[in-house]
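**Student:** First the structure, which I've put down as structure tokens, then a few questions once you've had a look.
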Amino acid sequence: MPTNKFPGFEYTAEELSAYKYHVDVFVILLKIGKIITHKTTEVNEFATWLDAHGIRKID
């Protein structure tokens, strides 16, 4: 089972609704309706973590 928190990211998977990766930043919609951004050097690992938790990817 994947871990609920990604290292260096302050939110848990349960708080996330959807995401889009654009240029060099993740744009993430929280379930409370707030939009945040997240930059990481571990782009593939973070995207894999989001996908493993069933976070919807916006194309």
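**Student:** About the Cα centre of the chain, what is the dipole size in debye to 20, counting +1 per Lys and Arg Cβ and -1 per Asp and Glu Cβ, all else neutral?
**Tutor:** 200
**Student:** Give the long-range amide H neighbours of Ser17: residues separated by 5 or more places, or on another chain, with amide H under 5 Å away, using H modelled in the peptide plane at 1.01 Å from N.
**Tutor:** Hits under the 5 Å cutoff: Leu29, Leu30, Lys31.
**Student:** Compute the FRET efficiency between Lys34 and Lys57 as 1/(1 + (r/R0)^6), taking r as their Cβ-Cβ distance and R0 = 22 Å, and round to the nearest 0.05.
**Tutor:** 0.75
**Student:** Are there GluC sites (Glu not before Pro) in the chain that DSSP puts in a loop and that have at most 14 other Cβ atoms within 10 Å, and which ones?
**Tutor:** Glu10, Glu42
**Student:** On to the next question. Under a Cβ-Cβ cut-off of 15 Å, what is the net charge of the residues other than Asn44 that fall near it, where Lys and Arg count +1 and Asp and Glu count -1?
**Tutor:** Cβ neighbours under 15 Å give a net charge of -2.
**Student:** If you filter the chain for trypsin sites (Lys or Arg not before Pro), then keep DSSP loop positions with at most 16 other Cβ within 10 Å, what is left?
**Tutor:** Sparse-neighbourhood loop trypsin sites (Lys or Arg not before Pro): Lys31, Lys34, Lys39.
**Student:** Another one. What is the local net charge at Glu14, summed over the other residues whose Cβ is closer than 11 Å to its Cβ (Lys, Arg +1; Asp, Glu -1)?
**Tutor:** +1
We did not get these values from a lab; they are worked out from the coordinates using the rules stated. Predicted model, so just to flag it, every value in this text is computed and none were measured. Heads up, the Cβs are rebuilt from the backbone with ideal geometry, glycines too, and the neighbour counts pull from every protein chain shown.
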